Amino acid sequence: MVLSAHQPVYLPWLGLFHKISQADTFVSFDRVQYLPKDWNNRNRIKTANGPVWLSVPVLKKGHRDKGLNEIEIDNRSPWRRKHWRTLESSYRKAPYFADYCHFFEDVYSREWTHLAELNDHMLRWFLGVLGIHAEFTRASDHDFRGAKSELVLDMCRSLHADRYIFGALGRDYAEVEAFTQAGIEVVFQDYRHPTYPQLHGKFEPSMSTVDLLFNCGDRSLEILTSGQPEQVVVNASVR
């Protein structure tokens, strides 16, 4: 069983969906600490004026002591109206905008209280539209123990994983030998960003996946998984 995980992020980029597409089970790691100025509550889209950030405001009191699943959205700001209007004005001329816009219009018509709930709702929709069928679960529904590499290893053991896919940054903290001793293969993602047709001039990589969907529609999964290297197992399992 191939497992991967990532913290809930807002309007994720292509690389996350490539990683999930290689897994049998994906864990939304909503128990990690919220990181200001990271991807938990913001991402970029391409507009006629170039890439812009869409950021979900959060209540900051005590947020550094909370897990992501506890982070509350600050709905005193009209962020939902701003995000929807920015998406609509930026992509209404995209070939597939009409195919997907109703989901976003509905999302931004609701009042969300918790950031992870919003992010997971969007992620599940993206997975369905892209045709990625990995089983989805949340870390908050389990009792994983430890920190960093030890925490990942405990998750792998608890969910009976044979292989775990780290993101590229996993190389900075993964204790590969511990996984080897547990009989779990380790893979580090090496995502190579594809190019695809975009609106508004010169191609900009690392946009939210909404950019790919609105421009390329049902070819999006093929595009985001194209040109990737074969997964390289860093360790050999001991069984």
- Within the stretch 199-217, is there a residue that is of a type in the set (Ser, Thr, Tyr), buried (at least 17 other Cβ atoms within 10 Å of the Cβ) and not in a strand (DSSP E or B)? yes
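Say we look at the stretch 112-161 and pick out the residues that are small (Gly, Ala, Ser), touching a residue at least 60 places away in the same chain (Cβ under 8 Å) and not in a helix (DSSP H, G or I); which of these is nearest to residue 100 (Cα to Cα)?
Of everything passing the filter in the stretch 112-161, 131 is nearest to residue 100 (Cα to Cα).
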- Task: For the stretch 13-57, enumerate the residues that are at pLDDT 95 or above, surrounded by fewer than 21 Cβ atoms within 10 Å (Cβ to Cβ) and farther than 23 Å from residue 213 by Cβ.
- Result: 24, 25, 57
- Message: Looking at (1) touching a residue at least 12 places away in the same chain (Cβ under 8 Å); (2) farther than 29 Å from residue 70 by Cβ; (3) over 19 Å from the mean Cα position of the chain (by Cα); (4) loosely packed, with under 15 Cβ neighbours inside 10 Å, which one does residue 192 not meet, given that it meets all the others?
- Response: (3)
- Task: For the stretch 19-40, state whether one or more residues are basic (Lys, Arg), more than 21 Å from residue 222 (Cα to Cα) and without any contact (Cβ under 8 Å) to a residue 24 or more places away in the chain.
- Result: yes
- Task: For the stretch 84-92, state whether one or more residues are more than 30 Å from residue 199 (Cα to Cα) and out of contact with any Cys (no Cβ under 8 Å at 6 or more places or on another chain).
- Result: no
- touching a Ser or Thr at 6+ places or on another chain (Cβ under 8 Å), in a strand (DSSP E or B) and more than 30 Å from residue 183 (Cβ to Cβ), is that true of residue 80? no
- Out of (1) of a type outside the set (S, T, N, Q); (2) within 30 Å of residue 60 (Cα to Cα); (3) touching a helix residue (DSSP H, G or I) at 6+ places or on another chain (Cβ under 6 Å), what's the single condition that is false for residue 147? (3)
- Query: Of the residues 135, 117, 177, which is closer than 25 Å to residue 228 by Cα and at pLDDT 95 or above?
  - Reply: 135
- Task: Could you grab me the full set of residues in the stretch 85-102 that are in contact (Cβ under 8 Å) with a residue 12 or more places away in the chain, of a type in the set (A, V, I, L, M, F, W, C) and either exposed (fewer than 15 other Cβ atoms within 10 Å of the Cβ) or more than 27 Å from residue 34 (Cα to Cα) (or both)?
- Result: 94, 97, 101
- Message: Whether any residue in the stretch 163-170 is at pLDDT 95 or above, assigned to a helix (DSSP H, G or I) and among the basic types (Lys, Arg) is what I want to check.
- Response: no
- Filter pass, residue 113 being farther than 22 Å from residue 67 by Cα and surrounded by fewer than 16 Cβ atoms within 10 Å (Cβ to Cβ): no
- Message: Considering only the stretch 44-62, I want to know if a residue exists there that is within 14 Å of the chain's Cα centre (by Cα) and assigned to a strand (DSSP E or B).
- Response: yes
- Query: Quick one: residue 179 ticks every box in (1) touching a residue at least 40 places away in the same chain (Cβ under 8 Å); (2) part of a helix (DSSP H, G or I); (3) within 21 Å of the chain's Cα centre (by Cα) bar one, so which box is it?
  - Reply: (3)
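The values are calculated or read from the model by the stated rules, or taken from the named source; none is laboratory data. Just so it is clear, the structure is predicted and the values come from calculations on it, not from any experiment. Note that we place each Cβ from the backbone using ideal geometry, even for glycine, and neighbour counts take in every protein chain shown.
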